[in-house]
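Here is the structure we will look at.
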């Protein structure tokens, strides 16, 4: 439940998929609950309503948990410090239901990255400020996954999102569901299916040395499900320049938001910015302070009008690719 969008926009996991998972969990003797930590600049009740999860949980008689108010526990893993909401830690079984989407920052947002939703939103906001480098942010996401590995991940790829995801892209009919006990393996298959280079997703890099052989699958062949064309984000920062060289060329490699003319001046982007790089006067479009921007794309993913476009430096344009496949 990234933000308050309707299911047909393919921004959030479709409630029909979660309904099926809830019923299967009940058949297995479980007592399911539904939870996520959406962007904290939108009232969570508004997110529940717009995405269809409030109605779903009422119809199924299932508790909808507010992770912002449920308490959390602090962890230090692989040199990263973060909080995880207690309901995710205390559940006997954690079932992870990501939407298959592109992501302007991490190229793909799949099963592993979806576990970031177990971190309460008001604490999650600081992740990009504390770990601004993409490779470092990817290792943080990997550490969160290691801390709360799901028992099962079910990816909603019936309708996915291509282009400028996770909220500014367009729906694309992919026509599949995919499930794995191993969330990393699931994401690797998604990469192969969508023709996204595995190393392009920074949170998968820490695991690649363990997955040198093809991931075995059952059911339909992933190759048969691959769409003829799939638009990756216009900014392919996931295939980046190596770390030492990136630090040397720092001022020359950046991505930043550009506010478009149809901005509604709602202020969500400025409120979501973890570094205060966007400021706004009442009733006017926000103003960017480039020196403060870390290129986290938080403003881009929260904009309800798709009025923020991420742009990149000329050097990064050399590795830009708008279409894969």
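Laid out as a table, the results:
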item: Residues located in the range 103-125, provided they are touching a strand residue (DSSP E or B) at 6+ places or on another chain (Cβ under 9 Å) and farther than 18 Å from residue 3 by Cα; result: 112
item: Qualifying residue in the range 231-254 (condition: part of a loop (DSSP other than H, G, I, E, B) and at pLDDT 90 or above); result: yes
item: Evaluation of residue 15 against (1) at negative phi; (2) touching a residue at least 60 places away in the same chain (Cβ under 8 Å); (3) surrounded by 14 or more Cβ atoms within 10 Å (Cβ to Cβ) (one fails), failing number; result: (2)
item: Matching option when the condition is assigned to a loop (DSSP other than H, G, I, E, B), more than 21 Å from residue 295 (Cα to Cα) and in contact (Cβ under 8 Å) with a residue 12 or more places away in the chain, among 171, 166, 150; result: 150
item: Residue 95 in contact with a helix residue (DSSP H, G or I) (Cβ under 8 Å, 6 or more places away or on another chain) and under 23 Å from residue 176 (Cβ atoms); result: yes
item: Residue 197 surrounded by fewer than 19 Cβ atoms within 10 Å (Cβ to Cβ) and touching a residue at least 40 places away in the same chain (Cβ under 8 Å); result: yes
item: Residue within the range 44-64 that is at pLDDT 95 or above and part of a strand (DSSP E or B) present; result: yes
item: Odd one out for residue 79, checked against (1) over 30 Å from residue 214 (Cβ atoms); (2) touching a strand residue (DSSP E or B) at 6+ places or on another chain (Cβ under 9 Å); (3) surrounded by fewer than 20 Cβ atoms within 10 Å (Cβ to Cβ); result: (2)
item: Every pair of residues 6+ apart whose Cβ atoms lie under 6 Å, when the first sits in the range 209-234 and is within 28 Å of residue 257 (Cβ to Cβ) while the second is in a loop (DSSP other than H, G, I, E, B) and at pLDDT 90 or above; result: 231/163; 233/104; 233/164
item: Subset of the range 278-295 (residues that are closer than 14 Å to residue 126 by Cβ and at pLDDT 95 or above); result: none
item: Residues (in contact (Cβ under 8 Å) with a residue 40 or more places away in the chain and touching a helix residue (DSSP H, G or I) at 6+ places or on another chain (Cβ under 8 Å)) located in the range 18-31; result: 18, 19, 22
item: Unique residue being surrounded by fewer than 15 Cβ atoms within 10 Å (Cβ to Cβ) and within 17 Å of residue 121 (Cβ to Cβ) when the list is 71, 61; result: 71
item: Selection from the range 83-121 of residues that are under 16 Å from the mean Cα position of the chain (by Cα) and part of a helix (DSSP H, G or I); result: 111, 112, 113, 114, 115, 116, 117, 118, 121
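The values are calculated or read from the model by the stated rules, or taken from the named source; none is laboratory data. The model shown is predicted, which means the values in this text are computed figures rather than measured ones. Positions of Cβ are generated from backbone atoms using ideal geometry, with glycine treated the same way; all protein chains shown enter the neighbour counts.
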